[in-house]
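Here is the structure we will look at.
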Amino acid sequence: MNDGIGVIVPSAFEAAFLNDVHEVYVSGMGKLRAAATVQTLVRDYGCKHILLAGFCGGLSNCNVGDVVQPWRLMECDYDARPLESWPNNVPIDSNGMLRCGGEWATFMCQDKFIMGNPYAEFDIAGPVVTEMEGYAVAYTSTVLGVPFNVVKIVSDMADGDADKHFADSCRKLAGKLAGTIAAAIAEIKGAVNG
């Protein structure tokens, strides 16, 4: 373990690129698996901080290779309109997250691989990305009283060709992912020990 920091990547595909550079836990893709992994790391392994890292799709105002962190996480699978607004904003003050490099972005979280921007109508300012696990990690960490960080690299532009470019783009960005995780761990350790 990275001095009490539980580092999660969503897939073995992402973990394989790290070449044993970091001790990471593979959650499996999706919110349910990510939430269960956070619970296991905190309750069974005593992790005091959770870091979710990996790849995401870009929706607007970002480029392939950008490092992003959420300033807002939107849960997009749950839709109870007209009773509640959609998408749902995570009930977490992400201003408490440590700055681990990259741009602050809005994360649209849903358990599906997006090819196209279903959120264009919302006219969200700044970078907007799509991924599956961030909301669950943020919510579960908050419920368990453990600080968390989420840092992702834009691997594709979540367009009609996203599935064709995803794997190749991830291979090209593997070194950047390893470096981003190392920098985030150092930032977290510095804040805890400083």
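The values are calculated or read from the model by the stated rules, or taken from the named source; none is laboratory data. Note that the coordinates shown come from a computational prediction; the quantities given were computed from them, not determined experimentally. A quick note on method: Cβ atoms are made from the backbone with ideal geometry, for glycine too, and the neighbour counts reach across all protein chains shown. Heads up: the accessible areas ignore ligands, DNA and RNA and are worked out on the full protein's heavy atoms, side chains in. Shrake-Rupley method; radii C 1.70, N 1.55, O 1.52, S 1.80 Å.
Taking Thr130 as the residue in question, decide whether it is of a type outside the set (Asp, Glu), at pLDDT 80 or above and farther than 22 Å from Tyr25 by Cβ. Spelling it out, Thr130 is indeed of a type outside the set (Asp, Glu), at pLDDT 80 or above and farther than 22 Å from Tyr25 by Cβ.
Given the condition open to solvent by 10 Å² or more (accessible area, probe 1.4 Å), more than 15 Å from Trp71 (Cβ to Cβ) and β-branched (Val, Ile, Thr), answer yes or no: does some residue in the stretch 109-121 qualify? Looking through the stretch 109-121, at least one residue is open to solvent by 10 Å² or more (accessible area, probe 1.4 Å), more than 15 Å from Trp71 (Cβ to Cβ) and β-branched (Val, Ile, Thr). Evaluate the following for Phe107: is it modelled with pLDDT of 90 or more and among the aromatic types (Phe, Trp, Tyr)? Answer is no for this residue. For the residues Gly54, Gly28, Gly58, the requirement of being open to solvent by less than 30 Å² (accessible area, probe 1.4 Å) and without any contact (Cβ under 8 Å) to a residue 24 or more places away in the chain singles out Gly28.
Conditions (1) more than 17 Å from Glu131 (Cα to Cα); (2) open to solvent by 20 Å² or more (accessible area, probe 1.4 Å), marked per residue:
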site: Lys152; (1), (2): no, no
site: Asp159; (1), (2): no, yes
site: His165; (1), (2): no, yes
site: Ser169; (1), (2): no, no
site: Ala174; (1), (2): yes, no
site: Leu177; (1), (2): no, no
site: Ala183; (1), (2): yes, yes
site: Ala186; (1), (2): yes, yes
